[in-house]
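Worksheet: the structure to be examined is printed underneath.
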Amino acid sequence: MTKSCIFDPENLLNLIHKKAYETPFYLYDSHLLQAILKAAIKAKEAVFGAYGHIHYAMKANHNKAILQMIQSYDLGVDCVSGGEIKCAIDAGFAGNQVVFAGVGKTDLEICDALKAGIFAFNCESLQEAEVIDQFAREMNVKAQICFRVNPDINVNTHHYISTGSYDNKFGIAFEDVYQWLNTRYKHTSHIQFIGCHYHIGSQIIDMTSFSKLTESILAHYKQLTGNGFEIKHINVGGGLGINYSDPFAQQIVDFKTYFNAFAPLSNLQGVNIHFELGRSLVGQIGVLISKVLFTKKTAGSHFAILDAGMTELMRPALYQAEHKIIALNPLAASKFEKYTLAGPICESSDIFAKNLLLPEIQRGNFIAIYSVGAYGKVLSSEYNLRPKVKEFLL
Ligand SMILES: *Cc1c(COP(=O)(O)O)cnc(C)c1O
């Protein structure tokens, strides 16, 4: 942990006192974001050069200042709704920098995306491709499409964030895509199939998952090009995980190893490789600051009740996610105790951590919850009629 880091507990406490923002709130570190972006781009360039393209998966965090900063590094953007496409364009992304995924695109979303001239639709069903063809014909435009192929790879992550096996709703089996291309594709007129898209899950730490994915991709590529299909684009999706247990040990993920897992794809002549990174770009740049409202002991637990809950950060309640939590007590503690950190929401799952050893805490102490830059604020809600949580970029 370096002293210059604004997320260092001591610096954080000074900052909180100086700024005097009302808790709870999210704090983002723009310097760290820039360092992460530079590292990702550099690592991508080393393996793929001009044929590698990163699209920021904006569902991880759509804060406008963050989007604008990412756009200024000339990344594309991966959207999963019409609302996200609109937001991306408002933040300065060009229509042709947008790729559009999602299992349930509405007619309106498809038409708006056609109007915006997006780069490609990542189709998640065969029917979707035919519907896009129909709307594109009516609007007299041509749409580029990829099929999201489900490679049936089980990844070692929480089952709620694994997406690439056959019991998930995402994507299409390759055999079905292949058959459609050989039978139905010739009856379409306003879509152009440009390649396959994949996304096997999120918070993936084990690079062998990506190596396995690369093998599947190569087999699919071979089969398609061997049968006369021209493939100029392959989109491998996102999913690179971050270090939640010790964020300071690795504020910037090992992008080198990640891109190297896909290195065999760099041998494909003239094929553009697209990456959709979300969590790995913004996860570590955010911290949620909360205040202890009350402490109380029950027969089973020693609770610290915070003014932030699942309405501000849903990941623990939704995926049993664990975040690094530090009590920013003003004085060096002599006594440590185990606390269960709970939010104020009327749900028993509104718990951030159970029996966490912390320096003795009191009403009014600040609590920092780390690694919340991705899937933090965007999953917040107004349940219990809570106010919208605020965000500050430093
Ligand atoms: C969520 C998502 C991503 C980003 O996933 P991360 O794990 O945040 O990198 C990329 N592509 C698609 C299609 C997604 O749904």
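Data for the structure
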item	result
GNM flexibility winner over the chain from 234, 70, 345 (Cα, springs under 10 Å)	345
Dipole-positive endmost among 271, 240, 288 within the stretch 239-300 (Cβ charges, Cα centre)	288
Nitroxide proxy distance, nm - points 7 Å out along Cα→Cβ at residue 138 and residue 19	4.7 nm
Accessible surface of the stretch 284-393, 1.4 Å probe, proportion on carbon and sulfur as whole %	53 percent
Hz values of 3J(HN,Hα) by residue in the stretch 309-324 - Karplus curve (6.51, -1.76, 1.60), Gly and Pro given as x	x, 5, 6, 8, 9, 8, 3, x, 6, 7, 10, 6, 6, 10, 10, 5
Residue 294 long-range amide H proximity, modeled H, under 5 Å	305
Antiparallel DSSP beta bridges within the chain, as percent of all bridges there, nearest 5	40 percent
Choice from 286, 82, 237 showing the highest fluctuation, given a GNM over the chain with Cα pairs closer than 10 Å	82
Diffusion coefficient, µm² s⁻¹, Stokes-Einstein with Kirkwood Rh over alpha-carbon pairs of the stretch 31-282 at 25 °C and 0.890 mPa s	134 µm²/s
Cubic angstrom per residue, convex hull over Cα atoms of the stretch 247-336	168 Å³
Phi-based couplings in Hz for the stretch 95-103 (Karplus 6.51, -1.76, 1.60; Gly and Pro marked x)	x, 7, 9, 9, 10, 10, 10, x, 6
Accessible area of the stretch 31-282 belonging to carbon and sulfur atoms, whole % at 1.4 Å probe	50 percent
Residues with amide H under 5 Å from that of residue 233, placed H, sequence gap 5 or more	272
Highest-MSF residue in the chain out of 68, 127, 250 [GNM, Cα springs under 10 Å]	127
Cα lying deepest toward the dipole's positive end in the chain, options 63, 168, 31, charges on Cβ	31
Accessible area per residue, Å², the chain with all protein chains present, probe 1.4 Å	44 Å²
Orientation-averaged projected area, Cα convex hull of the stretch 288-392 (nm²)	6.6 nm²
Whole-Hz couplings from phi, Karplus 6.51/-1.76/1.60, listed for the stretch 346-361; x for Gly and Pro	7, 8, 5, 7, 7, 10, 8, 6, 10, 6, 8, 6, 9, x, 3, 10
For residue 195, residues with placed amide H under 5 Å, excluding near neighbours	147
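The values are calculated or read from the model by the stated rules, or taken from the named source; none is laboratory data. Quantities reported herein were computed from a predicted structural model and do not represent experimental measurements. All Cβ positions, glycine included, derive from the backbone under ideal geometry; neighbour counts span all protein chains shown. The protein model used for the area step is the full one, side chains on, heavy atoms only, and it has no ligands, DNA or RNA in it. Shrake-Rupley method; radii C 1.70, N 1.55, O 1.52, S 1.80 Å.
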